[in-house]
Structures are given as C-alpha cells and as structure tokens.
Amino acid sequence: MSEHPEALNAERLRIALGERTFQFLETTSSTNDVAQRWAADGAPHGAVVVAEFQTEGRGRFGRRWQAPSGTALLFSVVLRPAQLNILPVRYGMAAAVSVRSALIELPALDSSVVKLKWPNDVQLHGRKVCGILLEPLWRGASLEAIIVGVGINVRVPFDEPELSATATNLEAHCQASIDRALLLADILKRLTFWSAHAEGLALFQAWRAALNMLGKRVQAADATTGRQIVAGQALDVDEDGALLVRADDGKIHRVFAGEVTLQKPSVK
Ligand code: BTN
C-alpha cells in the first residue's frame, strides 16, 4: 500500500511542534503506556507521544481503541499539575475544549456542529470524532502527572454498521485533507493554555457551553454492566465535572462516571 502523503514522521513533527519535547513511534502498544513510563522517568510538562499505530490502544472503561495505521491522530500528553488538589477531570475539560476549538477552525466546521458529549467526547454532527482517556499518575497521595490520551478519527474506515452509526471522521466533513501534524500542533498550543488555567471558571464555562445534552432527556448507565443509574433530565454540570440529572421522581443525581446517552422522545 502506498504511504498517505501526510504520513507522520519525526521530521514533520519537529517542524510542526517547534521546541516541544516529543517522541514519535511508528507502532507502539498504547501511547498512554509510553507516556506513563516517560512521566515516571521525568518527562516535562507538555511532553507528547505520537504514534501512527497502536497494537493495544485503549479507551475509557477498558474498551479497545483501534485504527489502521495513518488514519487517526493518536497522541498522549504528559501534564504536570500546577496546583495542589486539582481534580484530574479538569484536565479532561481542558483537552476536550482544546480539541473542539482546534476543530472549529477547520474548513466547513463551526461551533454549531462540533459539540462535546459529557464528559469529554468530541462529536461532529452528533457522531464521535474524538475520544479522550485520562490516566492520573499518583505518587502516594499527590498527583504527579496526568496522562491525557487523545484519539481523533481522521480517515478511519468504519466497516461495521454499529460504528458508522455512532462514529465519524474529520475528512468526511471538511472539504480538505487534514494535515495531522499541523492539527496536533494547534491542539497542543491550546492545551498549553487551558492546562495552565485548569482550575479557572473560564475553562468550566467553555466546557459547559459546548455540551450537547443540557436540558435534554438522558439516560446514564454503568459502562461496564450496562445497568441504568438514572434516567431523567440533564439539568446542568458542576465545576467538579459531575452531570446533574433530575430523575422522574424529582430527585437530583450527581453522575461522575458512566455512559450517558440522549433518550429519543417516545412516539405516542
Ligand atoms: C474513549 O474511550 O473515548 C477514549 C479513547 C482514547 C484513545 C486514545 S488513542 C491515543 C491514546 N492511547 C490510548 O491507548 N488511548 C488514547
């Protein structure tokens, strides 16, 4: 198979990323694994691991995350928390807001079609284009680093109908081919800004304003067992990242983790 014209390599990344510390791997198990080890060995804040292919890419709730070589933008960033006691979820907000704001700049995309699905999936026209996996690295009780793993579908062939109904690609919606090195550089620049303001109200407000579910009827389920946690109206989110759902009995639930889906209105 001939190489895609914008295949990633260390030289192209060096030009796009300037002074940033990075590692590029053609193939690895998971960029999050590499970033975890690197963080434990002293990788600086903002160091990034990029791969063309992962043999054991993973998503939230232990799910697999797969994409053929050269079809996705796969990277993991090492972030060193600037403040004590900051919640890891604030870095998820920072990453989601950074990816979304970079995507909005691409041709044919704007803020009305690029939305966030709680807590931090990025959706294009209601289908997932980017997933974010946060893995905190603790030393005793102190948060030493957060690994922010990001997978963006650029031109992934979704053969299974189940996937093509829920996932999409950047190139399916932009009237241009995507240069992943430039997109990565743009996202990282934004993430540098937002991670420095991870505790601030502005980040929370940007994240909240981009969520697609507030005011709508949702169902939250345990992602591993599929068991329903609550169904009701998504009222709001709070600054700790929880989704506030008012159940039909009027009780308000704070959902911190789980799979939240929009409930289709029932046809009477
Ligand atoms: C999700 O479940 O939505 C999160 C998916 C995160 C996937 C990315 S791809 C790069 C990084 N390395 C991994 O193994 N996972 C993350």
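The values are calculated or read from the model by the stated rules, or taken from the named source; none is laboratory data. From a predicted model like this one, the values you see are computed outputs, not experimental measurements. Every residue, glycine as well, gets a Cβ built from its backbone with ideal geometry; the counts of neighbours run over all protein chains shown. What goes into the accessible areas is simple: the full protein's heavy atoms, side chains included, and nothing from ligands, DNA or RNA. Shrake-Rupley method; radii C 1.70, N 1.55, O 1.52, S 1.80 Å.
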Points 7 angstrom from Cα along the Cβ direction at residue 7 and residue 83: gap in nanometres?
-> 4.5
Stokes-Einstein, Kirkwood over Cα pairs, region 1-81, 25 °C, 0.890 mPa s; D in µm²/s equals 185
Compare the peptides 247-255, 168-176, 12-20 by average per-residue count of other Cβ atoms within 10 angstrom and give them in order, highest first.
-> 168-176, 12-20, 247-255
Radius of gyration and maximum dimension Dmax of region 126-268, Cα, Å = 17.9, 55
For a quick protection proxy, order the peptides 54-63, 144-153 by their average other-Cβ count within 10 Å, most packed first.
-> 144-153, 54-63
Compute the Cα gyration tensor for region 1-157, then decide on rounded, prolate or oblate, letting a ≥ b ≥ c be the square roots of its eigenvalues: rounded whenever a/c is under 1.5, prolate when a/b is larger than b/c in the other cases, and oblate in all that remain.
-> oblate
Scoring the chain by relative contact order with C-alpha pairs under 8 Å, at least six apart, yields a percentage of 16
Rounding to the nearest 20 debye, state how big the charge dipole of region 191-268 is about its Cα centre with +1 on each Lys and Arg Cβ and -1 on each Asp and Glu Cβ.
-> 460
Hey, can you find the accessible area per residue of region 130-268 for me, probe 1.4 Å, expressed in square angstrom?
-> 52
What net charge is computed for the residues neighbouring residue 55, neighbours being all others with C-beta under 12 Å from the C-beta of residue 55, Lys and Arg scored +1, Asp and Glu -1?
-> -2
Ranked order, 154, 113 - accessible area, probe 1.4 Å, largest first | 113, 154
Relative contact order for region 115-268 using alpha-carbon pairs under 8 Å, separation at least 6, rounded to a whole percent?
-> 16
So what does residue 128 come to for accessible area, using a 1.4 Å probe and Å² rounded to 10?
-> 50
With every protein chain kept in place and a 1.4 Å probe, region 64-114 has an accessible area per residue in Å² of 37
C-alpha center-to-center spacing [region 16-52, region 203-225] in angstrom | 30
Solvent-accessible area, 1.4 Å probe, carbon plus sulfur percent, for the chain = 53
Which order do the peptides 205-214, 29-38 take when ranked by the mean count of other beta-carbon atoms within 10 Å per residue, highest first?
-> 29-38, 205-214
Express as a percent, rounded to the nearest 5, the fraction of DSSP beta bridges in the chain (both residues included) that run antiparallel.
-> 85
Counting Lys and Arg as +1 and Asp and Glu as -1, each charge on the Cβ, what is the dipole of region 49-158 about the Cα centre in debye, to the nearest 20?
-> 300
What net charge is computed for the residues neighbouring residue 233, neighbours being all others with C-beta under 15 Å from the C-beta of residue 233, Lys and Arg scored +1, Asp and Glu -1?
-> +3
